[in-house]
Amino acid sequence: MWLFGWKGPSGFSASSTAEEVTQGIDGTGLTAIVTGASSGIGAETTRVLALRGVHVVMAVRNLDAGRNGKEAMLKEIPKAEIDVMELDLSSMTSVRNFASEYTSLGLPLNILINNAGVLSSPSKLSQDNIELLFATNHIGHFLLTNLLLEIMKNTAQKSKQEGRIINVSSVGHRIVTREGICFDKIYNEASWFSYGQSKLANILHASELARRLKEEGEEITANSLHPGAIHTNLLRHQGFVNAIFSLFGKYMTKNVQQGAATTCYIALHPQVKGMSGNYFMDSNIAEPSSQAKDAELAKKLWDFSLIITDKK
């Protein structure tokens, strides 16, 4: 049980659930992609969006897990529109294959939720020889977003409905080195600051994307968020920490229903219409670190990410 029930300007709090923040909202006619949708807050985000009538595409690394999750959701919501597609964000080839397949389906795209993430892993480098956390948490989502952006622009123009891009970051974005992003070490193995760096990149990516979309006059917003401290399988490689969370987590953390709330709030709530380049927490606008607001760092990261993704 989350202990803090203070409500912010939105009328919601840290204890609000994804169902509560989307109560009464009709998402019929909208199409969303949710990465990392087979478990944790990704699965709950998928379930609640589907519950509100959104056609959801679950982008998952493990197809069996994704299909099992879909079956469970359909038992609860028989009329739900849910598809499962394979996506491994640590591989640029997989990201390109996913985008190509999605494009070939001819589906619209109103909402892109870059949710998937890793905290740590026994493997230190991605298939593309990039530090694994940075590759999965940032580069994969950066490339995916760029490859799907034209579809989102076309959808927004034809439907006359605002498109929304959402990056799930973390309060861990504050735990970084002085420079924020160590560009010269991206091809090295993970350090203590790798997770924070990748989550800082999520915020900077959303901010720079928001600036570019506004400059282009596109009806698409881009925002980032901290979902809250949640005990999910993100901690599966952190044995001691995982054990502590298992014992005391219910007193210290949000449950999955609460953890998915901010994502669903940004994805569907009319209060968020026209809001772009913001960082949210507990379904309210929050203040990220000073490095996360560094426009020059955001531009540098964008250019650096383009170079990496263009190489592969």
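Read-outs: derived from the displayed coordinates by stated rules, not from any lab. Not measured: the values here are computed from a predicted model. So basically every Cβ, Gly included, is an ideal-geometry build from the backbone, and we count neighbours across all protein chains shown.
The Cα atoms of the range 139-207 cover 45, 23, 15 Å along the three principal axes, with the biggest extent listed first.
Listed here are the pairs Lys79/Lys153; Lys185/Lys300; Lys7/Lys254; Lys160/Lys214; Lys214/Lys273; Lys70/Lys199; which of them are more than 19 Å apart at the Cα? In this structure, Lys79/Lys153; Lys70/Lys199 lie more than 19 Å apart at Cα. At full extension, Gln157 and Arg174 could sit 2.5 nm farther apart than now, given 0.36 nm per residue minus the alpha carbon distance. Backbone N atoms of the range 273-312 closer than 16 Å to the 7 Å Cα→Cβ label point of Thr93 belong to residues 311-312. Once the Kirkwood radius over Cα pairs is known for the chain, the Stokes-Einstein relation at 37 °C and 0.692 mPa s delivers a diffusion coefficient of 170 µm²/s. For Lys124, a cut-off of 15 angstrom between C-alpha atoms picks up these aspartates and glutamates, skipping any fewer than 8 places away in its own chain: Glu189. Between Phe142, Phe193, Phe134, the GNM of the chain built on Cα springs shorter than 10 angstrom shows Phe193 fluctuating the most.
Restricting everything to alpha-carbon atoms, can you work out Rg to Rh for the range 1-147 with a Kirkwood hydrodynamic radius? Can you show the working numbers first?
Details: Rg = 16.3 Å, Rh = 16.3 Å.
In the range 1-147, Rg relative to Rh is 1.00.
Given the convex hull over the Cα atoms of the range 101-181, what projected area results after averaging over all orientations, in nm²? Mind showing how you got there, number by number?
Numbers: hull surface 28.1 nm².
Value for the range 101-181: 7.0 nm².
Note that the range 65-217 shows a convex hull volume over its alpha carbon atoms of 138 Å³ per residue. Springs join every pair of Cα atoms under 10 Å in this Gaussian network model of the chain, and among Leu148, Leu132, Leu105 the largest mean-square fluctuation is at Leu105.
Remark: the range 98-110, residue by residue, has Karplus-estimated 3J(HN,Hα) of 4, 4, 5, 5, 4, 4, 5, 6, x, 7, x, 8, 9 Hz, where x stands for each Gly or Pro and the curve is 6.51 cos²θ - 1.76 cosθ + 1.60 at θ = phi - 60°. When the chain is treated as a Gaussian network with alpha carbon springs shorter than 10 Å, the biggest mean-square fluctuation among Asn284, Asn129, Asn223 belongs to Asn129.
Length gained on full extension, Glu215 to Asn62: 51.3 nm, using 0.36 nm per residue less the C-alpha separation. Which value at 222 nm does the chain reach when only helices count, each DSSP H run of 4 or more adding -39,500 (n - 2.57), with the total divided by all residues and rounded to the nearest 500 deg cm²/dmol? Helices in the chain give a 222 nm mean residue ellipticity of -13000 deg cm²/dmol.
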